[in-house]
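For reference, the structure is listed below as structure tokens.
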Amino acid sequence: MSGMRILIIDDEDDIREVAALSLEATAGWEIITASSGFDGILAAADPGRRPHAILMDVMMPGMDGPTTFRQMQLNPEIAGIPVLLLTAKVQGVDQRRFAGLGVAGVLFKPFDPLTLASQISETLGWPQ
Amino acid sequence: MTALPSIVSWLLLVSVFLLGVLTLRLASRARGQHKELERLNEALQRSREYAEQQKHKLAQRSDLDTVKDEFISTVSHELRTPLTSIRGALGLLTSGMLGDVDPKAQNMLRIASSNTERLIRLINDILDLERMESGRAPLKLRRCSIQDLAREALDTMTTMADSAGIQIELQCRAPRDSIYFDADPDRILQVLTNLLSNAIKFSPAGSTVSVQIDSDTNSLLLKIVDQGRGIPADKLEAVFDRFQQVESADASRKGGTGLGLAICRSIIQQHGGAIWAQPNLDGPGTTLWLQLSRSARASDSASPEPVAPPAERGEGLVLVCDDDPGIRVVVMEQLRIHGYEIMEAGSGEEAIELARRQMARAAGLTRDNDATAQPIAAILLDLYMPGLSGWETLEQLKQSPATASIPVVILSVIPPTERLGQAQGWVQKPFNENLLLSELGRVLRSSGGAGQVLLVEQDQELARTMLHGLHEAGVRADHAATLQQAVDRCMLGPPDLVILETALPDGDGFSLVDWMRRQPALKTMPLVIYSDRELSDGDMHRLRLGPTQFLNKARIRPKQVEELVLMLVQRQSKPAAVAQGVRD
């Protein structure tokens with residue numbers, strides 16, 4: 001589905017860059033990025049460039065993914081934006097913890113750059 | 001951890017026993033006393049130190065587990081993060097999405113890319129194996145059909161097989177009602193797809209990989225037969241070890257991690273089953289065998305109720321023989337927690353000597369008339385030991401009349417072979433607790449359990465005397481002091497004969513006989529009612545099961561009862577006893 005705007009929040013510059021390029025090149029989406037939970041909330045709240053979905057890392061210094069997600073839910077303007085966690089934590093216990101947060105989905109690192117966009121679409125029920 | 005003081009006290013007890021035995025010997029020989037005592041003292045000191053070390057190690061283990069857990073989780077996360085960037089960058093470059101790349105550079109990118117994938121699989125496999133072997137990935141057991149699981153695995157692998165030009169087929173020879181077993185379906189599916197993927201990878205195009213399902217009374221057998229290049233005889237077992245591949249180039253060429261079969265084995269062992277490889281007899285290629293237990297309740301296989309893994313309660317004296325003290329400690333700890341009493345031997349020679357002495361002691365042939373000395377119920381025997389090997393030890397045990405009747409369970413890194421020989425059971429190392437306990441339990445039950453005669457008697461003093469008498473006569477017997485204990489003991493497997501006092505602290509002999517009458521396996525049990533009570537004709541009628549004798553304690557001495565029991569046990573082989581019971 002073209003015309004989508006995605007916000008990527010990750011503290012790793014390289015991962016932000018690769019993920020952004022992958023989504024732009026494979027799906028033609030518009031990408032905005034933020035390197036911390038705090039910047040992510042600011043970027044999401046910008047009324048002119050509100051994202052259709054947020055792809056967010058779990059382990060970040062300062063506010064981690066789950067904390068950022070909870071903060072977002074307190075802001076009615078951005079609470080409705082679906083959030084996908086992108087994590088290198090693959091153990092069952094972590095997965096169950098993430099599922100309990102109420103996020104739209106959990107995707108795992110290392111992701112496949114060629115199918116990341118379709119994974120996002122599938123999880124969110126977007127037509128592909 | 002509460003078990004530790006008893007390990008220590010047990011070790012000390014054995015040491016004291018050894019001291020006693022050696023002291024007797026020393027008295028008969030006048031020479032070299034001093035030296036031997038010194039040596040003994042040294043040995044005692046060493047065993048004390050060893051016990052202390054083990055105690056310390058066990059205490060540290062649970063802390064270590066937590067640390068290891070966190071470490072693995074962190075390392076896995078830290079490795080994945082840079083890999084995410086590498087995989088992403090390489091993936092985009094190789095896709096050509098970012099413009100054309102020179103063919104030579106393209107080849108380099110392909111190499112970097114496929115090795116990144118391999119590294120990712122490796123991290124996943126290490127994590128998987130680690131979680132399984134530490135017991136942090138408990139099985140979610142439910143009733144499954146092996147046929148359905150195999151079908152699902154085949155469906156999953158069809159694409160891979162098709163692109164390799166290989167045909168895969170499924171044959172189920174097991175009867176419809178015997179294909180159900182207790183398993184974690186996701187884990188079994190993981191094993192089957194892994195084995196199929198291996199078979200496909202190592203098969204030439206145009207060949208067939210066949211999955212065949214069979215069953216016998218207690219277990220399911222599944223084999224995967226390929227027509228590949230085969231596994232050399234000396235590698236048949238090693239392929240299940242970590243990072244072992246038949247040819248060192250296989251890992252890179254076939255994209256494996258070297259952990260697939262180790263994971264399979266771990267999963268199958270967790271299920272209490274076995275996995276092994278055999279060369280095909282009628283041509284090239286390999287057959288991978290899976291043996292899976294259908295659970296203790298194989299007969300009502302249609303019932304969908306989940307069956308918890310067995311936590312068998314054992315009893316009886318078990319001799320553990322292994323040259324590795326670490327393994328002895330682990331095995332002894334596991335058995336002791338589950339109610340067994342233990343003796344240990346560090347070599348085949350020592351095992352034979354200990355077994356001979358203990359059996360003589362139990363039979364009352366030695367002078368230290370110890371009524372508590374019980375015969376050895378089973379021997380756990382390692383195969384590869386310096387000095388006498390396990391096979392040689394087994395042979396000698398079976399040749400000596402005193403020890404020939406003791407069932408032996410082989411503990412070995414190699415899988416059960418045709419050479420089970422005179423052994424009654426087999427547990428493959430590394431084993432888990434359930435596997436060890438269930439195999440030992442099975443062997444003890446099938447060899448007549450911990451005893452062939454069950455004495456139900458609340459008077460401990462009388463029970464001790466009678467048990468001693470029976471053991472002396474070479475009859476295996478055990479004792480239940482309460483109605484509940486008697487029921488529990490019968491549930492483990494029917495004894496050949498029950499000696500019963502009618503008065504019991506938690507009920508009476510009448511209720512026990514009523515209960516036994518309702519059990520198909522017990523309703524024709526030969527009984528000897530040995531009681532204070534004057535029994536009416538009605539009482540006798542109620543107490544009668546199979547051939548039943550009524551003896552009054554006021555008139556018949558324990559010794560006479562023992563003689564009668566001995567006669568009954570020796571005269572009646574099991575089937576004869578049942579037949580006679582029916583006629584009565």
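Bear in mind that the values in this text are calculations on the coordinates, not laboratory data. Since the structure is predicted, the reported quantities are computational estimates derived from the model, not experimental observations. Neighbour counts run over all protein chains shown; Cβ positions are idealised from the backbone, glycine included.
Please order B:W289, B:W276 by the number of other Cβ within 10 Å, starting at the fewest.
Details: B:W289 16, B:W276 20.
So the residues, fewest neighbours to most, are B:W289, B:W276.
Under 5 Å between amide hydrogens, built in the peptide plane, is the criterion, and for B:L497 it picks out B:L454 among residues at least 5 positions away or on other chains. With a 10 Å cut-off around each Cβ of B:94-101, the average count of Cβ atoms from other chains is 2.
Please report the orientation-averaged projected area of region B:142-293, defined via the convex hull of its C-alpha atoms, in nm².
8.5
Remark on B:M385: its backbone amide H falls under 5 Å from those of B:G390, a criterion applied only to residues 5 or more positions apart or on other chains, H modelled at 1.01 Å from N. Listed by chain and number, the lysines whose C-alpha is less than 23 Å from the C-alpha of A:K109, apart from same-chain residues fewer than 8 away, are A:K89, B:K68.
Starting from the Cα gyration tensor of region B:453-583, multiply each eigenvalue by 5, take the square root, and state the resulting semi-axes largest first in whole Å. Could the numbers behind the result be given before it?
Values: eigenvalues 69, 62, 46 Å².
In descending order the semi-axes read 19, 18, 15 Å.
For B:K523, the lysines whose Cα falls under 22 Å of its own Cα, not counting residues fewer than eight places away in the same chain, are B:K574. Residue-wise HN-Hα couplings along region B:400-411, as the Karplus relation 6.51 cos²θ - 1.76 cosθ + 1.60 with θ = phi - 60° gives them from phi, are 8, x, 5, 10, 4, 7, 6, x, 10, 10, 7, 10 Hz; Gly and Pro carry x.
So what are chain A's ellipsoid semi-axes, whole angstrom, largest first, if each one is the square root of 5 times an eigenvalue of the alpha-carbon gyration tensor?
Values: eigenvalues 73, 62, 41 Å².
They are 19, 18, 14 Å, listed from largest to smallest.
Fewest neighbouring Cβ atoms within 10 Å first, the residues B:Y50, B:Y180 line up as B:Y50, B:Y180.
Counts of other chain beta carbons within 10 angstrom of each beta carbon in peptide A:109-119 average 5. Residues whose amide H comes within less than 5 Å of that of A:F108, counting only those at least five positions distant or on another chain, are A:T87 (H built at 1.01 Å from N in the peptide plane).
Under the convention that each Lys and Arg Cβ holds +1 and each Asp and Glu Cβ holds -1, the size of the dipole of region A:5-121 around its Cα centre is about 500 debye. State, as an integer percentage, the relative contact order of region A:5-121 based on alpha-carbon contacts under 8 Å between residues 6 or more apart. After rounding, I find 26 percent. Along the charge dipole of region B:42-177, pointing to its positive end and built from +1/-1 on Cβ of Lys, Arg, Asp and Glu, which listed residue (B:Q167, B:L79, B:A137) has its Cα farthest out? So the residue we want is B:A137.
Computed from phi, the 3J(HN,Hα) profile of region B:482-491 under the Karplus parametrisation 6.51, -1.76, 1.60 (θ = phi - 60°) reads 9, 4, 4, 4, 5, 4, 4, 5, 5, 5 Hz, with x in place of Gly and Pro.
In order along region B:156-163, the phi-based Karplus estimate (6.51 cos²θ - 1.76 cosθ + 1.60, θ = phi - 60°) of 3J(HN,Hα) comes to 4, 8, 4, 4, 4, 5, 4, 6 Hz; Gly and Pro are listed as x.
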